[in-house]
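Enquirer: Sharing a structure here in structure tokens format.
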Amino acid sequence: MFMLRKYILLIIFCLFAVPSLYAQFDDPVFEKVERSERAKFEQMFADISWTGQGLYNSTTIDRIPTVELRSRLQAVFGEPTQTIGDLINNRNFRPGKAVQFEYWFIIDDRIPLMLLDLDGPFENGLVYVGASRYIDMMPQVKRTLNRMLMNEYGELASFSDYFYSPERDQWYLVEYRDGEFNHEAIERPASLR
């Protein structure tokens, strides 16, 4: 009788546990935060403890040039959530905070994720930050993003961004046009004065 109860409990456990196990491996759904939604996103996740943990495992997107990733992100998600043009006129802006672009996401309607480019066209990969309470989900989130950018869509889209390199004390126009990547040293753009 004891063994029968044990098997019944095991069967009941499996019936309830299996659906949740499958749910862990569903592809996460990415909703990009638009420029106009930045304040709402920041308010919604004001109490989040941000981390890169769970996002360190290397994937293909960590080994290709950031400028190519910018083009792939443009093809899949459209314009960035934020660029240097959105930041430079803030009172607390410092050159060390210069980015070329940022994409912000809400994953599965509850998990915040930010992709940041910190060294413009001069590096590979991106910087990833997510909510510390969802560290266990971040590897799947990154694998899905990798697949979206490299396999499912795999396209390159035209874009044009400005980037300021504090290390070089130089402005750049960074583009993908007519099948060519380019970063050209320029004077500070008049629109960013």
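The values are calculated or read from the model by the stated rules, or taken from the named source; none is laboratory data. Just so it is clear, the structure is predicted and the values come from calculations on it, not from any experiment. No Cβ is skipped: glycine too gets one built from the backbone with ideal geometry, and neighbour counts run over all protein chains shown. We work out accessible area using only protein heavy atoms, side chains counted, and drop any ligands, DNA or RNA first. Shrake-Rupley method; radii C 1.70, N 1.55, O 1.52, S 1.80 Å.
Enquirer: At most 11 other Cβ atoms within 10 Å and a DSSP loop assignment: could you name the trypsin sites (Lys or Arg not before Pro) in the stretch 37-89 that fit?
Expert: Here the trypsin sites (Lys or Arg not before Pro) that fit, given the DSSP loop and packing criteria, are R63.
Enquirer: I would also like to ask the following. Could you tell me the accessible area of Y103 in Å² (1.4 Å probe, neighbours in place), rounded to the nearest ten?
Expert: Probe radius 1.4 Å; accessible area of Y103 about 0 Å².
Enquirer: Pull out a ≥ b ≥ c, the square roots of the eigenvalues of the alpha-carbon gyration tensor of the stretch 112-156, then state rounded if a/c is under 1.5, prolate if not and a/b is larger than b/c, and oblate in the remaining case. Walk me through the intermediate numbers first.
Expert: Working: a/c = 2.89, a/b = 1.19, b/c = 2.42.
Verdict is oblate for the stretch 112-156.
Enquirer: Same structure again: Hey, if we sort E102, E187 by accessible area with the 1.4 Å probe, largest down, what's the order?
Expert: Correct descending sequence by accessible area is E187, E102.
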